[in-house]
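Here is the structure we will look at.
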Amino acid sequence: MYTTDAVRWKKHLKDYARANRQQPTEAESHLWQVLRNHKFGIRFRRQHAIQQFIVDFVCLEAWLIIEVDGSIHADASQVEYDGGRTHDLQEAGFLVLRFTNEQVLRNTPQVLQTIREHLQLLLPASQG
């Protein structure tokens, strides 16, 4: 399992991840209902620590991260931070997919199709 170190988890990330799980955005909650309990054919985790980051969703088996971005992610400084974060996660070997809240809530079938296509590329034997 790929995660963060125990010290970083206990000191900095555990409470933040727990709070995010307890108060998800509407879009995160909506997507989680599809991804949870192997409903998508593979296990996803939510608000999972990887290095110094908490990612919205991750399939560790496929090394696939899914981020659901609200309007704050359109801010120039946040775009720069997200780019660096995505780069760091890709350098660690993960593929990062980003969707806006609007995409998840208004075009769920297309979002799910994109996730399925990437899972099939990353895990050809997976039914996704």
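In the range 30-63, how many are in a loop (DSSP other than H, G, I, E, B) and in contact with a Phe, Trp or Tyr (Cβ under 7 Å, 6 or more places away or on another chain)? So the count comes out to 3. Taken over the range 8-44, the criterion of being at pLDDT 90 or above and surrounded by fewer than 16 Cβ atoms within 10 Å (Cβ to Cβ) is satisfied by E26, S29, Q33, V34, R36, N37, H38, R43. Can A125 be described as closer than 15 Å to V55 by Cβ and over 14 Å from the mean Cα position of the chain (by Cα)? Considered against the rule, which asks whether it is closer than 15 Å to V55 by Cβ and over 14 Å from the mean Cα position of the chain (by Cα), A125 comes out as no. Within the range 87-114, residues that are touching a residue at least 12 places away in the same chain (Cβ under 8 Å) sit with their Cβ atoms under 6 Å from residues that are part of a strand (DSSP E or B) and aromatic (F, W, Y), at 6+ positions apart or across chains, in these pairs: V111/F99.
Taking the range 51-68 as the range and being out of contact with any Asp or Glu (no Cβ under 7 Å at 6 or more places or on another chain) and closer than 14 Å to W32 by Cα as the test, the residues that pass are F57, V58, C59, I65.
The values are calculated or read from the model by the stated rules, or taken from the named source; none is laboratory data. The model shown is predicted, which means the values in this text are computed figures rather than measured ones. Methodologically, a virtual Cβ is constructed for each residue, glycine included, from the backbone with ideal geometry; neighbour enumeration extends over all protein chains shown.
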